[in-house]
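Chemist: Got a structure for you, written out below as structure tokens; questions coming shortly.
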Amino acid sequence: MTGKYNNVLELVGNTPLVRLNRINQDIPGEVYAKLECFNPGHSTKDRIALHIIEEAEKKGLLTPGATIVETTSGNTGFAVAMVSIVKGYKCILAVSDKTKAEKIAYLKALGAKVFICPANVPADDPRSYYEVAKRIAAETPNSIYINQYFNLGNTEAHYLTTGPEIWAQTEGKITHLIGCTGTGGTLTGSGRFIKEQNPDVKVIGVDAYGSILKKYHETGEVDPNEIYSYQIEGMGKNLVPGALDFSVVDKFVKVSDEESAYTTRELALKEGLMVGYTSGAATQALKQLSASGEFDENSVVAVLFPDHGSRYITKVFSDEWMAEQGFSNSKLNGLESRATV
Ligand code: PMP
């Protein structure tokens, strides 16, 4: 490595695997975090945006001046906007009107054109962000719709990069891979590669209360009564994502908004890791799995940390927000922020 690059996209991937030392004191074996915030767009989604767009280029679907369309205001939106800028494409994102102004400003700063669509209409309503994105992609020549929940290029990006990196970084000693699932691309793409090397590795998905994934994995059914809203963004789903390869997952663990919030803050205060809410959720699952006897002294556990904590300053890192949710900071095991005013 020379530290000299031709453009920012050459920095996508090859993220560090960092050992956790304090948060897991009661857990036997070694625990590592795969720090996806080291991607240039600060999340794991840089990998899928780059892979899907470069595959479309190889197939001749995109020529100079092309347009890339997607529906998210989250990490995928940032990643698609970043890749589009560097490659000289236009980026159009259809987002819900619940999206915070701050996030829209971030997407616009990266050159994206943002369409704000009503959140309170069914997905098949012509005004929904899904339908708006589909229509824009259909009507715009020389365009592609990323459609991350159903695009197998999402899972493939992690099969080709994240999985091989973790396998090499643990020198093939990994015994457990743990990660939150939204589209399922990160966990099942990397998990599929790792299981091909060693089928005994356990791949464990993390799901939110209010999401269907755990139940669907166990029963093949979706119970609409079990769908309700929750605070952790980016994980869990109210539909079955086509990008999620359920056959790779050994089991799902459910985590709560509240415990995941404490654990996210604990990661900052105990490990110096300023990471996002789903990194805390995955670490919360690690704790629950440990309490149920999942690990022994030979365990080598890799936990996927999808993004950076800076995106959650007004949420999980805000004492006011925590109080509004009815979460109490006193549960941070005596740890407190050292800041004084
Ligand atoms: N955490 C965050 C913050 C995310 O934005 C996402 C993506 N929706 C995930 C976890 C889950 O990743 P995946 O979509 O690959 O399952």
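Chemist: With the checklist (1) at pLDDT 90 or above; (2) surrounded by 15 or more Cβ atoms within 10 Å (Cβ to Cβ); (3) outside any strand (DSSP E or B) in hand, flag the one item ASN238 doesn't pass.
Modeler: Going through (1) at pLDDT 90 or above; (2) surrounded by 15 or more Cβ atoms within 10 Å (Cβ to Cβ); (3) outside any strand (DSSP E or B) one by one, ASN238 breaks only (1).
Chemist: Sticking with this structure for a sec: Of the residues ALA133, ALA157, ALA137, ALA123, which single one is surrounded by fewer than 20 Cβ atoms within 10 Å (Cβ to Cβ), of a type outside the set (D, E, K, R) and part of a helix (DSSP H, G or I)?
Modeler: Result: ALA137 is the single residue among ALA133, ALA157, ALA137, ALA123 that is surrounded by fewer than 20 Cβ atoms within 10 Å (Cβ to Cβ), of a type outside the set (D, E, K, R) and part of a helix (DSSP H, G or I).
Chemist: Would you mind telling me which numbered condition in (1) surrounded by fewer than 16 Cβ atoms within 10 Å (Cβ to Cβ); (2) under 13 Å from the mean Cα position of the chain (by Cα); (3) of a type in the set (A, V, I, L, M) LEU35 fails?
Modeler: Here LEU35 clears every test but (1).
Chemist: Another one. Can you name every residue in region 179-205 that is in a strand (DSSP E or B) and either touching a Lys or Arg at 6+ places or on another chain (Cβ under 8 Å) or among the charged types (D, E, K, R) (or both)?
Modeler: LYS202, VAL203, ILE204, GLY205 - these are the residues of region 179-205 that are in a strand (DSSP E or B) and either touching a Lys or Arg at 6+ places or on another chain (Cβ under 8 Å) or among the charged types (D, E, K, R) (or both).
Chemist: What are the residues in region 121-137 that are free of Cβ contacts under 8 Å to residues at least 40 places away in the same chain and more than 24 Å from the chain's Cα centre (by Cα), if any?
Modeler: Those that are free of Cβ contacts under 8 Å to residues at least 40 places away in the same chain and more than 24 Å from the chain's Cα centre (by Cα): VAL121, PRO122, ASP124, ASP125, PRO126, ARG127, ARG135.
Chemist: Of all residues in region 105-120 being under 21 Å from the mean Cα position of the chain (by Cα) and part of a loop (DSSP other than H, G, I, E, B), which is surrounded by the fewest Cβ atoms within 10 Å (Cβ to Cβ)?
Modeler: Result: LEU110.
Chemist: Considering region 289-298 alone, what residues qualify as being open to solvent by 60 Å² or more (accessible area, probe 1.4 Å) and either in contact (Cβ under 8 Å) with a residue 12 or more places away in the chain or under 15 Å from ARG265 (Cα atoms) (or both)?
Modeler: Within region 289-298, ASP296, GLU297, ASN298 meet the criteria.
Chemist: Moving on. Can you find, within region 95-108, the residue that is nearest to ASP46 (Cα to Cα) among those that are of a type outside the set (Phe, Trp, Tyr) and within 16 Å of the ligand (Cβ to nearest atom)?
Modeler: LEU107
Chemist: A further question on this structure: LEU286: touching a residue at least 60 places away in the same chain (Cβ under 8 Å) and surrounded by fewer than 24 Cβ atoms within 10 Å (Cβ to Cβ), yes or no?
Modeler: Considered against the rule, which asks whether it is touching a residue at least 60 places away in the same chain (Cβ under 8 Å) and surrounded by fewer than 24 Cβ atoms within 10 Å (Cβ to Cβ), LEU286 comes out as no.
Chemist: Let me ask you something else. Do the conditions hold for ALA81, that is, is it within 16 Å of the ligand (Cβ to nearest atom) and either outside any helix (DSSP H, G or I) or open to solvent by less than 40 Å² (accessible area, probe 1.4 Å) (or both)?
Modeler: So ALA81 fits the description; yes.
Chemist: Quick one: which residue in GLU10, GLU70, GLU102, GLU55 is under 23 Å from HIS158 (Cα atoms), open to solvent by 70 Å² or more (accessible area, probe 1.4 Å) and among the acidic types (Asp, Glu)?
Modeler: Just a single option satisfies the conditions, and that option is GLU10.
The values are calculated or read from the model by the stated rules, or taken from the named source; none is laboratory data. Keep in mind the model is a prediction, meaning the values are calculated, not measured. Here the Cβ is made from the backbone with ideal geometry for all residues, glycine too, and neighbour counts use every protein chain on show. Surface accessibility is based on the protein's heavy atoms, side chains included, excluding ligands, DNA and RNA. Shrake-Rupley method; radii C 1.70, N 1.55, O 1.52, S 1.80 Å.
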